[in-house]
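Input: a single structure, listed below in structure tokens.
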Amino acid sequence: MIENREVRFVAGVPKISESEWKIMKVLWKNSPSTANQVIDKLKNDTDWKPKTVKTLLNRLVKKKAIGYEVDKRTYHYFPLVNEDECIMAENKSFLERVHNGTLNLMIASFLKEEKLSKEEIEELKRILDEKAE
């Protein structure tokens with residue numbers, strides 16, 4: 001049985017696949033959860049078989065993204081990594097892969113393609129002004 005259920009806040013966040021993200025989102029919202037509870041939460045969003053979910057849970061345990069406690073032969077899974085840290089790591093990875101690590105190129109690319117409301121533009125201006133201070 002694992003005693004330490006503290007969520008890790010580390011720079012070395014494990015690389016999480018797109019399928020594993022779905023599992024993590026369930027666990028971030030509903031923790032701890034059994035494999036059957038995760039399967040139940042995902043049944044409307046995926047066509048995964050229970051064995052697929054269990055395989056993904058095992059991969060996440062090996063990556064140390066999730067941990068588990070055993071209670072009467074039932075595994076209760078919980079995240080070991082913080083959702084915000086994973087999002088930040090994924091954002092940095094995307095920025096490096098797609099935009100050579102250049103934030104202004106990424107933002108310019110998105111802004112050219114998206115229509116923004118006046119409110120969204122004002123919010124972006126506010127964020128940029130705060131960064132300039």
The stretch 61-104, subset in contact (Cβ under 8 Å) with a residue 12 or more places away in the chain and assigned to a loop (DSSP other than H, G, I, E, B), residue farthest from S31 (Cα to Cα): K63
Qualifying residues in the stretch 59-70 (those that are surrounded by 14 or more Cβ atoms within 10 Å (Cβ to Cβ) and not basic (K, R)) - the one nearest to the chain's Cα centre (by Cα): A65
Every residue from the stretch 4-48 that is modelled with pLDDT under 95 and part of a helix (DSSP H, G or I): E18
Filtered residues of the stretch 90-110 (kept if out of contact with any Gly (no Cβ under 9 Å at 6 or more places or on another chain) and surrounded by 14 or more Cβ atoms within 10 Å (Cβ to Cβ)): E90, H99, M106
Residue under evaluation T52, criteria (1) under 30 Å from G101 (Cα atoms); (2) part of a helix (DSSP H, G or I), criterion not met: (1)
Flag for A108 being among the small types (G, A, S), in a helix (DSSP H, G or I) and closer than 24 Å to W21 by Cβ: no
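For the stretch 71-106, enumerate the residues that are basic (K, R) and either within 12 Å of the chain's Cα centre (by Cα) or at pLDDT below 90 (or both). Give the derivation first.
The initial filter retains those residues of the stretch 71-106 that are basic (K, R), namely 72-73, 92, 97.
Selection gives K92, R97.
The values are calculated or read from the model by the stated rules, or taken from the named source; none is laboratory data. Computed from a predicted model, the values in this text were never measured in an experiment. Note that we place each Cβ from the backbone using ideal geometry, even for glycine, and neighbour counts take in every protein chain shown.
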